[in-house]
1. For a quick protection proxy, order the peptides 210-221, 134-145 by their average other-Cβ count within 10 Å, most packed first.
2. Once the Cβ-Cβ distance between Ser131 and Arg215 is put in as r, and R0 is 30 Å, what FRET efficiency do you end up with, to the nearest 0.05?
3. Semi-axes of the equivalent ellipsoid of the stretch 6-143: what are they in whole Å, largest first, if each equals the square root of 5 times a C-alpha gyration tensor eigenvalue?
4. Could you sort 186-196, 115-125 so that the peptide with the highest average Cβ count within 10 Å comes first and the rest follow in order?
5. Mind putting a number on the dipole of the chain about its Cα centre? Charges go on the C-beta only, +1 for Lys and Arg and -1 for Asp and Glu, and I need it in Debye to the nearest 20.
6. Roughly speaking, to the nearest percent, how much of the chain's 1.4 Å accessible area is carbon and sulfur?
7. Going Cα to Cα from Lys71, which lysines come in below 21 Å? Please leave out same-chain ones fewer than 8 positions away.
8. At q = 0.14, 0.16 Å⁻¹, what is the base-10 log of I(q)/I(0) for the stretch 1-81 according to the Debye formula with one equal point scatterer per Cα and no solvent? Please give it to two decimals.
Amino acid sequence: MTDADLAAHLAKVAGRILIEVRDSGMFKGKQLGSAGDEVSNRYLLHALRAQRPDDGILSEESRDTLTRIDKSRVWIIDPVDGTREYGEARADWAVHVGLSIDGEAKVGAVALPGLNGGEVLRSDRVAPLASAAERPRLVVSRTRPAPQAEAVAQAIGGELVEMGSAGAKAMAVVRGAAEIYLHAGGQYQWDNCAPVAVAAAHGLHCSRIDGSPLRYNGRDTSLPDLLICRPEWAERVLAEVRQTI
C-alpha cells in the first residue's frame, strides 16, 4: 500500500467509524465530539503504528512527545477536524491524514464523511479545477471570520461564504465551491497539513499569509495562518493582506 493509498484508506475508515458513532444515538453535542475524537484517534494511531512503525506521528488528540522531531517522515493527523460541526451533525467537518517529509506536506487525504456519502480527496488523484466564479468566493469561519479575509473580500469585490472546519474550507477550493481560503485566526499543523498536501497537488497556491512556505514537523505545533487559493488570485490576495499586517 502506497503512502497515498494508506492515507486515503485511513481517512475513509475513520470517517465511517465517526458516522457510526454519531448514528448510534449514544452521545449528543459535546459528548459526541469527545467520543468521536477519542475513537477516531485511537484507530488512526494503531493503524499507523502497524503500517508505518518507523515513522513519527503528530496528532491533535495525543500528547506530543517530540520523538518525531528527528524523523524525516511524520504523519500529521486530525481525527475530527471541526469537532463542533461533527457534534452538531453538520456536514462541514473532516478527517485529516497527512504525511510530512522533510518538513513539507507531501502526501495527504481529507475525508468529508458528511458530504456526498463520504467523499475523500487525495494528493495522488488530481482532478482538473472547476471553472472559477466571476465574483471570487472566500470561505471563512462561520463563528469567527478572520478580519484579514473580510478586508480582502471587500478590496477585491469578493463574497464571504461561511463554513465549518479548516478541512472543509480548504477542500471547498479544491472542489470548485470557492476560490480563496484565507485564515489568520490561529491553527496548528494538524489543521492544515493534509489539506495543503491535497490542495498543492491540485495546483492551488498554498502559503503563509505573508507568502512564506508552510513548514511542518516543527517543535512548535502552532501554524497560525495560511492561504489556499487559485493561482490566479495569489498575488492579488497577498498584496491586499500586506496592507492589513
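The values are calculated or read from the model by the stated rules, or taken from the named source; none is laboratory data. Just so you know, these numbers come straight off a predicted model, no measurement behind them. With ideal geometry, Cβ positions are generated from the backbone for all residues, glycine too; neighbour counts draw on all protein chains shown. To get the accessible areas, we keep the full protein, side chains included, count just its heavy atoms, and leave off ligands, DNA and RNA. Shrake-Rupley method; radii C 1.70, N 1.55, O 1.52, S 1.80 Å.
1. Packing proxy ranking, top to bottom: 134-145, 210-221.
2. 0.40
3. Semi-axis lengths for the stretch 6-143 are 24, 22, 14 Å.
4. Highest mean packing first, the order is 186-196, 115-125.
5. Dipole of the chain, to the nearest 20 debye: 220 debye.
6. 47
7. Excluding near neighbours in sequence, the set is Lys106.
8. Log10 of I(q)/I(0), two decimals: -0.49, -0.62.
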